[in-house]
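Since every read-out is calculated from the coordinates, none of them should be taken as a lab result. Keep in mind the model is a prediction, meaning the values are calculated, not measured. Heads up, the Cβs are rebuilt from the backbone with ideal geometry, glycines too, and the neighbour counts pull from every protein chain shown.
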Amino acid sequence: MIAHRWLMPLAAALFASLPGAQVCAHGTKAVDDTVLGNEADGSDWPAYGRTFSESRFSPLRQVNDSNVSRLRLAWAVDLDVTNSITAPVEAGGVIYLAAGYSIVHAIRATDGRLLWRYDPKVAEASGQKLRAGWGVRGLALWKDKVYVGTQDGRLLALAAGTGKLVWSVQTLDPANGAFISGAPRAFNGKIVIGNAGGDFSPVRGYVSAYDAETGRQIWRFYVVPGKPGSKDGAASDEAMDQAAKTWTGEWWKLGGGGNVWNAMTFDPQLNRLYLGTGNAEPSNWKIRSPGGGDNLYTASVVAVDADTGRYVWHYQTTPGDAWDYDSATDMTLATLNIQGLKRRVLLHAAKNGFFYVIDRENGRLISAEKLGKVTWAERVDLSTGRPVENPDARYRDKNVLLWPSFQAVHHWTPQSFSPLTGLVYVPTLEMPIPFGDEGVDKNHWQPKLMTPEFAGYTPGDADVPADAGKSILKAWDPIAQKERWSIETPGISEGGTLATAGNLVIQGRADGHLHAFSADHGKDLWSFNAGVAITGVPITYSAKGRQYVTITSGPLNGATAAFGSVSARWGWASQGFPRRLLSFSLDGKARLPPASTASFAKPLAASEFKLDPAMVSAGSREYVRCVLCHGTGVVAGGNAPDLRASPVLLSAAGFATIVRDGTLVSRGMPQFAELSDAQLDSLRHYIRAKARESLEQNAR
């Protein structure tokens, strides 16, 4: 696909005619603090959470609870990518999204016409970082530019009107395991970006702010302390000195983690940026901080000054985390009437299963209650703000089954908050996992570069049953701290939510259906069958007088697509189904192309392949590199092809060409140049063994 540059003059004229649109030289609407702070104007969706509040609420009501039954497909665009699609943003009648590995598309909001496409060639540039993720969750707009992060750590500024690269900065060390998976945020002429990677190698999380016009770095905030006495990276400022007192051992050799990989919220009233920080690394507290300690500022909400990045306050949701219960989930700003007083608060459903209401002026906890099934802690003590832990939760002597799993009660898929109903609409999950360190040599444990770290839990080599876990959409009252209504949703891959003034909550599902519910009571008012999973993040906007609802669809992607049969139950294979952008309006006239039928992997018997039990055992240990894409038990759920059905495994040379030589890097398959012939052969034996095991189970 190439940029349709002849469309630009026409697009400029179209956008100039829109009411209230500010048009730049490139024919695009300028996005600034005024636009991003305007809660009353729902004509655009100019940021990841629509406005600075990250409420994902739109004041539009053309589509409402009385007429949503007329919602129909207005247009659809198939995107030529092999993996995830970001949450879209929209301004001035143009939708911007990054599909695949940060391939940015500009699409006309009224009819889906492609205006331009920019490919930063991320797969080829990422090297080993390609092993760690599937792309980014969103992008940002500021003035006349589009900003997007990349897997290899670049922050790019593109001209919104043409897609031309304006500047690029490298935000990460190319040699370590850090990468970008979250959306940047824009405010006050700055672009801020965090990073991920603590689960894959020893890294120290931080957030950086850059000048929106030039890409010059303005400030950087480190989440965890560096080596004591070191001057490396603000290792010894006052905030880091205080944090260092909460660590023991030689944590800096292991990285420390705390990556801000998803949530950041700007508060224009207080000129602060709130950071949702990741878990400490390694995840096993006995390894990273053997003498105990809270390990600040991990698993916390941290407030920093927006101009300087200096620490203001923090609230830690999971002190001394041992379960991957971080705080990198939504942080929504609201003003609530609590006990007769108007309080400026932050609404935060952390991964640990508690819903927190925090005073954003001083970071003090107002309330916290369990959002779903939680067994690792009894409650949160409001006098101290600390959880009251289950005495057995820290797996001191044996493995222990706990709710939630590391996939959390609420993960990154966004919540929304309606100021009209006063409710937060939260995608939730109920699924346990055994935590423990049986078989882990804690005394001689060494971090590995670009290999998933399972020092506190193990994925095992068993499949996850199709009925394991369940997801639930919950309407949560943050003042009363109780559920008002809930709807169980199929599977464990829940979509993000959108709330509107039309008394609607919109959410897509893993089973391929998009639903609209009444925001007040949760009545199911409308649905649409997309023919494939529709677990994207919906937005709504108005263009040429018509309200649109827009969302992405495609095979499941991300961590919840790697849980074996519970992910694969729908038959949304990674190949054979389109990645689409769908847009709906009242009485829309478009139709989807004929849908592919669900496709379930058919493992190959390949009786000529003779299994060696010793090689099978060795391959089960090597497969840890593959599990996040190809699934537990070698049952793929959408991230990548199902290897049990692949004939490539029957050829040692063909397998080596792909895995070790990297012939499919451009399509997102990482290169593992370090693997020996013996390691590759053991993987082949293990995968073939799992294929035969599946065939035997199917024959019973």
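What's the FRET efficiency of Asp241 with Asp587 using the Cβ-Cβ distance as r and R₀ = 60 Å, to the nearest 0.05? With R0 = 60 Å, the Cβ-Cβ based efficiency is 0.45.
Determine, from the Cβ-Cβ distance of Lys164 and Asp111 and an R0 of 30 Å, the FRET efficiency 1/(1 + (r/R0)^6), rounded to the nearest 0.05. Rounded to the nearest 0.05, the efficiency is 0.80.
Net charge near Val409, counting Lys/Arg +1 and Asp/Glu -1 over other residues with Cβ under 9 Å of its Cβ?
Net local charge, Val409 excluded: +2.
With R₀ fixed at 60 Å, the C-beta to C-beta distance from Thr308 to Asp661 puts the FRET efficiency at about 0.80.
Ordering of 653-664, 545-556, 473-484, 88-99 by packing is 88-99, 545-556, 473-484, 653-664, highest average first (other Cβ atoms within 10 Å, averaged per residue). Taking other C-beta atoms within 10 Å as the exposure proxy, Tyr541, Tyr395 rank Tyr395, Tyr541 from fewest upward. From least to most packed, judged by other beta carbons within 10 angstrom and beginning with the fewest, Ser367, Ser583 follow the order Ser367, Ser583.
Distances between placed amide hydrogens fall under 5 Å for Ile218 paired with Ala209, Tyr210, Asp211, all partners being 5 or more residues away or on another chain. Taking a ≥ b ≥ c as the square roots of the Cα gyration tensor eigenvalues, with a/c under 1.5 meaning rounded and otherwise prolate when a/b beats b/c, else oblate, which class fits the stretch 613-699? Since a/c reaches 1.5 but b/c is at least a/b, the shape of the stretch 613-699 is classed as oblate.
Residue by residue, the stretch 125-132 carries 3J(HN,Hα) couplings of 8, 7, x, 5, 4, 5, 6, 9 Hz when phi is fed to the Karplus relation 6.51 cos²θ - 1.76 cosθ + 1.60 (θ = phi - 60°); x denotes Gly or Pro. Here the peptides 317-327, 171-181 are ranked by packing, the mean other Cβ count within 10 Å, and the order with the highest first is 317-327, 171-181. Highest mean first, the peptides 613-625, 681-693 sorted by other C-beta atoms within 10 Å per residue fall in the order 681-693, 613-625. Once you list every other residue whose beta carbon is under 11 Å from the beta carbon of Asp681, what net charge do they have if Lys and Arg are +1 and Asp and Glu are -1? So the environment of Asp681 carries a net charge of -1. Here the 3J(HN,Hα) profile of the stretch 313-322, calculated from phi with Karplus coefficients 6.51, -1.76 and 1.60 at θ = phi - 60°, is 7, 9, 9, 9, 7, 9, x, x, 3, 10 Hz, Gly and Pro shown as x. Its DSSP H runs of at least 4 residues, each contributing -39,500 (n - 2.57), put the calculated 222 nm mean residue ellipticity of the chain at -3000 deg cm²/dmol, to the nearest 500. Taken about its Cα centre, the stretch 548-700 carries a charge dipole of roughly 480 debye when the Cβ of each Lys and Arg holds +1 and the Cβ of each Asp and Glu holds -1. In this structure the amide hydrogen of Gly182, modeled in the peptide plane, comes within under 5 Å of the amide hydrogens of Arg137, none closer than 5 places in sequence on its chain. Residues whose amide H comes within less than 5 Å of that of Arg484, counting only those at least five positions distant or on another chain, are Ala475, Trp476, Asp477 (H built at 1.01 Å from N in the peptide plane). Could you work out how much longer the chain between Asp359 and Asn390 gets when fully extended? Use 0.36 nm per residue separation minus the Cα distance between them, nm to one decimal. Result: 8.5 nm gained on full extension. Rounded, prolate or oblate: pick one for the chain, where a ≥ b ≥ c are the square roots of the eigenvalues of its C-alpha gyration tensor, a/c under 1.5 means rounded, and failing that, prolate if a/b is larger than b/c, else oblate. Since a/c stays below 1.5, the shape of the chain is classed as rounded. Of the residues Gly276, Gly508, Pro603, the one whose Cα sits farthest towards the positive end of the charge dipole of the chain is Gly508 (charges of +1 on Lys and Arg Cβ, -1 on Asp and Glu Cβ, taken about the Cα centre). Anisotropy class assigned to the stretch 34-123 is oblate, per the alpha carbon gyration tensor with a/c at or over the 1.5 cut-off and a/b no larger than b/c.
Around Gly422, with a cut-off of 11 angstrom between Cβ atoms, what is the net charge of the other residues, counting Lys and Arg +1 and Asp and Glu -1? It works out to a net charge of -1. Sequentially through the stretch 582-599, phi angles give Karplus couplings (6.51, -1.76, 1.60; θ = phi - 60°) of 10, 10, 10, 8, 4, 6, x, 10, 7, 10, 6, x, x, 7, 6, 8, 3, 10 Hz, Gly and Pro residues having no value and appearing as x.
Length gained on full extension, Asn529 to Lys121: 143.6 nm, using 0.36 nm per residue less the C-alpha separation.
May I ask you to derive the relative contact order of the chain, considering only C-alpha pairs under 8 Å and at least 6 residues apart, and to give it as an integer percent? Walk me through the numbers before you get to the answer.
Working: 1948 pairs, mean separation 86.0, N = 700.
Over the chain, the number comes to 12 percent.
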